[in-house]
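The values are calculated or read from the model by the stated rules, or taken from the named source; none is laboratory data. Since the model is a prediction, treat every value here as computed from it, not as a measurement. Virtual Cβ from ideal backbone geometry, glycine too; neighbours counted across all protein chains shown.
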Amino acid sequence: MGLFDEESSEDERPSPTAQGGAYDNYEEDDDEEDPLDAFMNSLDDNTAANIQLKKSGGRLDVEAEEEATSHWNVAPSEQDNKSRPLADSKLCGYHDHDDSSSSMQSSQAAAGARDAMSNAFIRAGGNKQSNSGTKHSLEQYNNDEDGIQKYQQQEIDPLDKVSHDGVLYEPFRRNFYTPNNTSSGIAWRKQHDIVCNPSNFDPILGFGEVEAFPEELLQEIARSGYDSPTLVQSQTLSVAISGHDALITAATGSGKTLAYIWPMVVHINDQPHINPGVDGPIGLVLTPTRELAKQVFKYASTFIQSIGGKAMEVAGGNRGTWELTKELKKGCEIVVSTPGRLIDLVKKKGTNLKRVTFVVLDEADRMLDMGFENQVSSILGNIRPDRQTLLLSATFGKRVEKVARGWLKNPVRIAIGRTGASSEHVDQHVMVLPNRSSKIQWLKEMLPVLSPLGRCIVFVASRADCDALTQIILQSFAAGDSTALSPTIVSIHGDKDQRDRNQAISQFKKQPSAILIATDVASRGLDVAGIMTVINFDAAKNLDSYVHRIGRAGRLQKDGDEHQRGVAYTLLTDKNADFALTLVESFEREGRVVSQELVALSQRSKRFGGGWKKNSKVGLGFGNDEDNGRTQQRPSDNYYGPASAATATEQPMKKKSRWG
């Protein structure tokens, strides 16, 4: 179903200042040392020194942000001995500015963005000298992007196998809705490019269609500003509330989280209350990252509280097992966690899985990429076999679908749009530049033009580059027009603990023109309104990561089914020929126009030879609008246009909660 082959994972080494991925959703500190932090602290001086010598040219460090990487050993590389020491990069400061600092009128900024981009491209192409005058120049970190560091992953010991034979589980209800199967449902799916297999599940187009929705839940949905379900919610509600397992593919920013949170609340509302000190949760959400867990927890907490329940996020952080156990023993209906943290809590009797009957695996493809397959399998093996299970992601490879056969029973396959496709709400530009210095020059000239239009995220491959590029941008704005206030510029990466990440994201949210420089820690689960521009300063490691990166823009608006328009710029050099071919193949599948520069670069790939079609619609990056199609629109088209909110009549309140 339109699946694409994932490329091999290439990752950069952790920095010696890594915090072990602390998670700090709570202010209290705990004397008990987190086992992940203990591992990082156990690294001896020699290991730390070797790590410091790594090149920032190592590939994306998304795994370095996750629980899995705290259990990885660094495998020495021959390139290590050739690496030059890193410069002493310091974390960037935070700049607080009032929203009024963006004095440029949006229409004027949009009108000038196209010319500015063209000029920046020309000047960047002519600037082949290293940025030697900048103390934090990226050239001193990464002169060899091919110097890739490898990891060896240690297994997190899975949970012991449990025999369910002879266990008398309490019966539970999972079917709360009888879906229709009409021609109008088929027409709706065809209209919106949705696949549902089997197809006998008409979408739920209004919240009032589901009598199982408790009155309190409907009221909270209305208070939260949701007038009607999104596409993925409409189709998923029909399947999930009728009690079926499901494998769901939808683009980022489409409302996937609430597509499973609402059915989970309905499911929990029908069951007896939790017995504090004895029972574990009823609903379980597993995520690959702490950032995504925090995002899911926010929604879960809001809607489970509407029926008198409680959600807990236990993905990691400064709170130790003892403190988490104390909270869990008070009773909670929903637990959101990463696999490793949940296994640790179950082993230490912090909670149990005996009452879990509704399981969600969010971003399941990433969990497999990170090596969580055995951990997830052991968790599911400890949960009663008749549970209801949903798998969700923006992309699904063949490996995920194969593994899902063992995790789900007779699942309904739901695909919203083209599987593995990038967001149709994000216009995509690819800039082919001579070298890394040219990319820096392009960035320094374009950010002052793009940031007044809306928030910007700049993705880089390594933590050292993240710090260095932050300093370069700060210095560039400081040296610019003194009459204009600089935007807030912050960064997040794996060397920053969760408190620093939360502070950076909070600062990013406060100013409409803020700029965030980040590793792939921000590519998933970061749901911030008003992100208009995503810049891939370093190429993504594969198409999956690319899709999630650019999906930060073009997000669904809160007041309806409309998406805000976004734009993505990807900066490539000669060393990115393989990824250029990946983009050409993706753009061809999606019917996007491919620039001549991108095609030329892709032909240098070792994989070249049939990867793109000879009859490609080739257009120049800065040609006429009619030649450039979907991906080369004017910046004003990318950012502006009517954004009417979907409206719907207020739905009747039908069922009272048993939890109130």
Check on residue 490, at pLDDT 90 or above and of a type outside the set (Gly, Ala, Ser): yes
Residue check for residue 585: of a type outside the set (Val, Ile, Thr), over 26 Å from residue 257 (Cα atoms) and at pLDDT below 90: yes
Qualifying positions in region 220-236 - polar (S, T, N, Q) and closer than 15 Å to residue 260 by Cβ: 230, 233, 234, 235, 236
Filter result for residue 371 (surrounded by fewer than 23 Cβ atoms within 10 Å (Cβ to Cβ), over 15 Å from residue 534 (Cα atoms) and free of Cβ contacts under 8 Å to residues at least 40 places away in the same chain): no
Residue match in region 144-155 (condition: within 18 Å of residue 380 (Cα to Cα) and modelled with pLDDT of 90 or more): no
Scan of region 424-469 for residues that are among the basic types (Lys, Arg) and without any contact (Cβ under 8 Å) to a residue 40 or more places away in the chain, ordered by number: 444
Test: residue in region 516-528 that is more than 17 Å from the chain's Cα centre (by Cα) and either of a type in the set (A, V, I, L, M, F, W, C) or over 26 Å from residue 572 (Cα atoms) (or both): no
Within region 176-219, considering residues that are in a helix (DSSP H, G or I) and of a type in the set (Gly, Ala, Ser), the one modelled with the lowest pLDDT: 208
Residue satisfying condition, being buried (at least 24 other Cβ atoms within 10 Å of the Cβ), part of a loop (DSSP other than H, G, I, E, B) and at negative phi, within set 276, 263, 288, 272: 288
Count of region 448-472 residues which are in contact with a Leu (Cβ under 9 Å, 6 or more places away or on another chain) and surrounded by fewer than 24 Cβ atoms within 10 Å (Cβ to Cβ): 1
